[in-house]
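To keep things clear, I will list the structure first and then write my remarks on it.
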Amino acid sequence: MASLLFRWSVPGSLQLGFLLAQGSEFAFVILSLPAMHAMIGKEVGSIIIAAVAASLALTPSVANAGRTLAGRLRARRQAREDQELVRQDLAAPVLIVGMGPIGRTVADALTEFEIKYAGIERDHQRFAEANADGYTAVFGDAADPRIWEPMAMHERSMVVLTAPRLEVSRSLTPLAARSYPNLKRYAVVADAAEREAYAAAGLHPVIDRSVPRGIDIAAAILRELRIDDDAIGGWMRRQQNRALESYAAEAAA
C-alpha cells in the first residue's frame, strides 16, 4: 500500500511486499530484552522468535513467489494494451537477443535515454525472470529465421547478440544481409581473437569486460544512436558505482 501511494505499479508493489514480508533480525534483539520477557513471557517470546526465524528461512521462496505473481500481472496488463502500442514496441529500433545480465544492462541503458527496445530470450527461466522484473521480452530463438518477420526485423536498425555463437552467426550472415541490408548486428565478445572472428563473419563485435557486464556494449549502442558522450559517460559511472556499492554491501553481509 505504501508503494502504491508513491505511484509504483501494482505488480511492482506486490513484488516489493513479498520481498519485505519476512521478519527482521532486529526482532531477536528486541525479544531478548528482559523487559520483553516480563511483558510477554518466555513461552510467547520463543514462539515469536521461531516464527521470525522461519520467515527469514523462507525468504528465497517467498521472494520467488512474489516475482512470479508480479510477472503474471505484468503479462496480463501487456495483453490488454492497445495493439497499436504493442506494434510500436515490436518496431523498436533495437532488438536485444538474450536477456541475461548483459541484455538487461543494455535494456537499462536504452530505457535511461527513453529509447524503445525489444528483447528475445530462448531460455525459459531467464525469459520468465526478465518479464517478472519488468523487461520487455518475448520467448523464442532469434537464430531461427522463421521468427524474424513476426519480430518486425525490417523495422529495426540494430540487433545486439549478448551471447553469440560464431558458427550460427556466420551461417546466418548471408540471409540477414539479403533480407535486412540496413540492419547492424552487434556481438558481445571476450577478446581480440573473438573480435576478429566475428568481424570476419560480418558482425560488429564489441569486447565487453565491464563491471557490471554489458556496460561496454551498451555504450557502443548508445553512441550508434547518437547519444551525447558526456551523457553516456555519466550513465556508465552511475552504473559502475551502483555495482561497487552492491558488491561492498554483499561483502559486508
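The values are calculated or read from the model by the stated rules, or taken from the named source; none is laboratory data. Every value quoted in this text rests on a predicted model; they were computed, and no experiment measured them. Cβ: placed from backbone, ideal geometry, glycine included. Neighbour counts: every protein chain shown.
Details
- Taking the criterion of being more than 16 Å from ALA143 (Cα to Cα) and surrounded by 15 or more Cβ atoms within 10 Å (Cβ to Cβ), the residues of region 182-209 that qualify are VAL189, GLU194, ARG195, ALA197, HIS204, PRO205, VAL206, ILE207, ASP208.
- Check on ARG238, surrounded by fewer than 15 Cβ atoms within 10 Å (Cβ to Cβ), under 27 Å from MET151 (Cβ atoms) and free of Cβ contacts under 8 Å to residues at least 24 places away in the same chain: no
- Against the test of being in contact (Cβ under 8 Å) with a residue 60 or more places away in the chain and among the basic types (Lys, Arg), the options ARG185, ARG213 yield a single qualifying residue, ARG213.
- Residue that is surrounded by the fewest Cβ atoms within 10 Å (Cβ to Cβ) [pool: residues in region 124-147 that are touching a residue at least 12 places away in the same chain (Cβ under 8 Å) and among the acidic types (Asp, Glu)]: ASP141
- Under the condition of being β-branched (Val, Ile, Thr) and more than 21 Å from ARG156 (Cα to Cα), the residues counted in region 175-218 number 4.
- So LEU225, is it surrounded by 12 or more Cβ atoms within 10 Å (Cβ to Cβ), farther than 18 Å from ASP108 by Cα, aliphatic (A, V, I, L, M) and in contact (Cβ under 8 Å) with a residue 24 or more places away in the chain: no
- Look at region 11-37: where a residue is free of Cβ contacts under 8 Å to residues at least 60 places away in the same chain and a partner is of a type in the set (D, E, K, R), sitting 6+ places away or on another chain with Cβ atoms under 8 Å, you get PHE18/ARG67.
- Filter result for the condition that a residue is modelled with pLDDT of 95 or more and within 24 Å of the chain's Cα centre (by Cα), over VAL138, VAL188: VAL188
- Residues (under 22 Å from LEU175 (Cβ atoms), in contact with a strand residue (DSSP E or B) (Cβ under 8 Å, 6 or more places away or on another chain) and of a type in the set (A, V, I, L, M)) located in region 134-146: VAL138, ALA142
- Search result, residues across region 158-200 that are in contact with a strand residue (DSSP E or B) (Cβ under 7 Å, 6 or more places away or on another chain) and among the hydroxyl-bearing types (Ser, Thr, Tyr): THR162, SER169, TYR186, TYR198
- Any hit, region 169-181, residues being under 18 Å from GLY103 (Cβ atoms) and either at pLDDT 95 or above or buried (at least 17 other Cβ atoms within 10 Å of the Cβ) (or both): yes
- For region 192-207, the criterion of being at pLDDT 95 or above, closer than 30 Å to GLY71 by Cα and under 23 Å from the mean Cα position of the chain (by Cα) is satisfied by no residue at all.
- Region 148-165, residues that are part of a loop (DSSP other than H, G, I, E, B) and either of a type in the set (Asp, Glu) or without any contact (Cβ under 8 Å) to a residue 12 or more places away in the chain (or both): GLU149, PRO150
- The criterion of at least 1 residues that are loosely packed, with under 11 Cβ neighbours inside 10 Å is met, among helices (runs of 4 or more DSSP H) falling completely within region 1-58, by 2-5, 26-31, 34-40, 42-57.
- Any hit, region 169-177, residues being of a type in the set (Ser, Thr, Tyr) and outside any helix (DSSP H, G or I): no
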